[in-house]
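S.K.: Got a structure for you, questions after.
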Amino acid sequence: MNKKIAVIGLGYVGLPLAVEFGKKFKTVGFDINVPRVIELNNGHDHTLEVADDYLKDVLANHSFSVSSNAADISDCNIYIVTVPTPTDKNNRPVLTPLIKASETVGKVLKKGDIVIYESTVYPGVTEDDCVPVLERVSGLKFNEGFFAGYSPERINPGDKEHTVTKILKVTSGSTPEIAEEVDQLYKQIIVAGTHKAQSIKVAEAAKVIENSQRDINIAFVNELAKIFNLMGIDTAQVLEAAGTKWNFLPFKPGLVGGHCIGVDPYYLAQKAQEVGYHPEIILAGRRLNDGMGQYVATEIVKMMLKGDVGVKKAKVLMLGITFKENCPDIRNTKAIDIYNELLTYDMDMDLYDPWADSKQVNQEFGIDLLRKEQLGKYDTIILAVSHNEFLSLDIPSLLKIQGMVYDVKGILPSEIVNKRL
């Protein structure tokens with residue numbers, strides 16, 4: 001059949017995917033966020049995952065369009081769902097966006113159509129939660145009237161080297177024939193190749209353990225950093241020495257936020273508990289990493305007290321609020337934990353981040369970002385996110401005479417740093 005693809009959800013995952021499919025097939029990018037659709041149709045992506053010139057070129061010269069009108073996806077035969085899968089304040093999975101997207105697709109689903117999910121979920125969500133919605137809304141029977149697939153996203157926000165087409169893609173389908181069709185579809189755009197999983201549940205499980213594994217490894221080095229700090233040993237030096245062994249894994253301590261590593265382990269933990277197993281290591285890693293912002297703040301206060309820098313009313317500058325370097329994404333950022341904890345000590349906090357959107361930061365956290373020219377003199381400067389711009393920033397010129405520097409990321413010259421994580 002002539003393929004017409006609809007990509008549902010045009011965030012960090014959906015837009016790059018839709019653009020690449022739009023170069024090969026007639027493709028509609030769909031999102032219920034009208035301002036986002038207007039922005040994209042004007043040739044701009046505020047997430048910076050797709051360059052404006054590239055987006056404009058695909059919109060102008062290929063069979064690609066962007067819409068918030070469900071009627072525009074009614075004649076598609078392949079639907080790819082890339083909506084967020086967050087957690088609530090109690091760290092429980094929130095499937096609402098996924099269910100709503102399934103309802104939207106169900107309303108236009110036709111006999112023979114394929115629905116592929118890319119959103120990160122725990123094993124079973126596609127077939128146990130999403131498919132029943134598709135059946136109910138469409139009136140079609142699964143694996144007779146329509147089919148499903150799962151191909152987990154592997155987008156790395158801000159990474160211009162490992163882009164969507166250059167990362168090997170796991171694929172799966174609800175029947176062997178559909179699995180092959182889904183695999184061949186992705187091979188049209190994924191130059192790095194594909195791996196066809198044996199089932200949808202295997203593909204779902206593979207995705208959720210990728211980030212859980214990384215989370216646990218970072219939790220391990222974060223714990224090491226706490227131990228070595230008490231022993232007066234430089235953690236970076238220890239990791240450098242240990243890294244000379246060929247099979248030592250190169251993880252560094254730090255804040256673990258974002259919409260993947262900081263969220264996905266809770267999806268796996270939820271499913272584990274549903275089937276009667278309490279996942280001790282996964283949740284221990286989450287607890288440790290979730291507490292790093294508060295730990296860092298405490299270490300900053302200790303550093304200031306030892307350096308005879310007054311804590312109350314101290315003028316403090318934090319560099320970075322996004323969840324990772326060289327990326328505007330502030331979702332589930334843990335840098336804000338440092339900021340909020342230091343506020344409890346009655347410090348006068350300034351925040352500078354050249355990547356973050358000032359309006360979004362104000363809406364989300366009630367903080368007004370400073371521009372570079374507004375920076376003053378500070379008692380303490382904290383490097384919380386390793387944006388490239390901070391490496392060229394003249395940090396000593398921003399310090400008062402007894403000013404101090406805390407380097408969370410371990411990237412600043414040692415001669416200007418008083419303490420690292």
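The values are calculated or read from the model by the stated rules, or taken from the named source; none is laboratory data. Please read all numbers here as calculations on a predicted model, not as lab measurements. Cβ sites come from the backbone with ideal geometry, for glycine too, and all protein chains shown count toward neighbours. Surface accessibility is based on the protein's heavy atoms, side chains included, excluding ligands, DNA and RNA. Shrake-Rupley method; radii C 1.70, N 1.55, O 1.52, S 1.80 Å.
S.K.: Only one of LEU17, LEU40 is open to solvent by less than 70 Å² (accessible area, probe 1.4 Å), part of a helix (DSSP H, G or I) and either acidic (Asp, Glu) or more than 19 Å from GLY149 (Cα to Cα) (or both). Can you tell me which?
M.R.: After ruling out the rest, the residue left standing is LEU40.
S.K.: How many residues, within the range 297-308, are touching a residue at least 60 places away in the same chain (Cβ under 8 Å) and either more than 20 Å from LEU399 (Cα to Cα) or part of a loop (DSSP other than H, G, I, E, B) (or both)?
M.R.: 2
S.K.: Continuing with the same structure: Within the range 152-187, how many residues are more than 23 Å from ALA356 (Cα to Cα) and either in contact with a Phe, Trp or Tyr (Cβ under 6 Å, 6 or more places away or on another chain) or free of Cβ contacts under 8 Å to residues at least 60 places away in the same chain (or both)?
M.R.: The qualifying residues number 20.
S.K.: Would you point out which residue out of GLU153, GLU127 is within 19 Å of SER199 (Cα to Cα), in a loop (DSSP other than H, G, I, E, B) and either in contact with a Pro (Cβ under 8 Å, 6 or more places away or on another chain) or not basic (Lys, Arg) (or both)?
M.R.: GLU153
S.K.: Do you know which of the residues in the range 206-230 that are open to solvent by 80 Å² or more (accessible area, probe 1.4 Å) and aliphatic (A, V, I, L, M) is nearest to GLU240 (Cα to Cα)?
M.R.: LEU230
S.K.: Further question: Does at least one position in the range 179-191 carry a residue that is assigned to a strand (DSSP E or B), open to solvent by 30 Å² or more (accessible area, probe 1.4 Å) and within 24 Å of LYS4 (Cβ to Cβ)?
M.R.: No, the conditions are met nowhere in the range 179-191.
S.K.: What are the pairs with Cβ atoms under 6 angstrom where one residue, in the range 278-296, is under 11 Å from ILE216 (Cβ atoms) and the other, located anywhere, is outside any helix (DSSP H, G or I) and at pLDDT below 95? Sequence gap at least six, or different chains.
M.R.: What qualifies is ASN289/VAL256.
S.K.: Within the range 323-353, restricting attention to residues that are part of a loop (DSSP other than H, G, I, E, B) and either in contact with a Lys or Arg (Cβ under 7 Å, 6 or more places away or on another chain) or more than 21 Å from ASP159 (Cβ to Cβ) (or both), which residue is least open to solvent (accessible area, probe 1.4 Å)?
M.R.: Among those that are part of a loop (DSSP other than H, G, I, E, B) and either in contact with a Lys or Arg (Cβ under 7 Å, 6 or more places away or on another chain) or more than 21 Å from ASP159 (Cβ to Cβ) (or both), it is MET347.
S.K.: Ok, one more. Can you find a residue in the range 40-47 that is out of contact with any helix residue (DSSP H, G or I) (no Cβ under 8 Å at 6 or more places or on another chain) and either over 30 Å from GLY112 (Cβ atoms) or modelled with pLDDT of 95 or more (or both)?
M.R.: yes
For (1) in contact with a Phe, Trp or Tyr (Cβ under 6 Å, 6 or more places away or on another chain); (2) in contact (Cβ under 8 Å) with a residue 60 or more places away in the chain; (3) over 30 Å from MET303 (Cβ atoms); (4) in a helix (DSSP H, G or I), each residue gets a yes or a no:
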{"site": "ALA205", "(1), (2), (3), (4)": "no, yes, yes, yes"}
{"site": "ILE216", "(1), (2), (3), (4)": "no, yes, no, yes"}
{"site": "GLU223", "(1), (2), (3), (4)": "no, yes, no, yes"}
{"site": "ILE227", "(1), (2), (3), (4)": "no, no, no, yes"}
{"site": "LEU255", "(1), (2), (3), (4)": "no, yes, no, no"}
{"site": "CYS260", "(1), (2), (3), (4)": "no, yes, yes, no"}
{"site": "GLN273", "(1), (2), (3), (4)": "no, no, yes, yes"}
{"site": "GLY276", "(1), (2), (3), (4)": "no, no, yes, no"}
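S.K.: A follow-up question, please. Would you please list the contacts, defined by Cβ atoms under 9 Å and residues six or more apart or on different chains, that run from a residue in the range 309-322 that is closer than 17 Å to LEU383 by Cβ and open to solvent by 10 Å² or more (accessible area, probe 1.4 Å) to a residue that is charged (D, E, K, R) and in a loop (DSSP other than H, G, I, E, B)?
M.R.: Taking only residues 6 or more apart or on different chains, the pairs are LYS315/LYS377.
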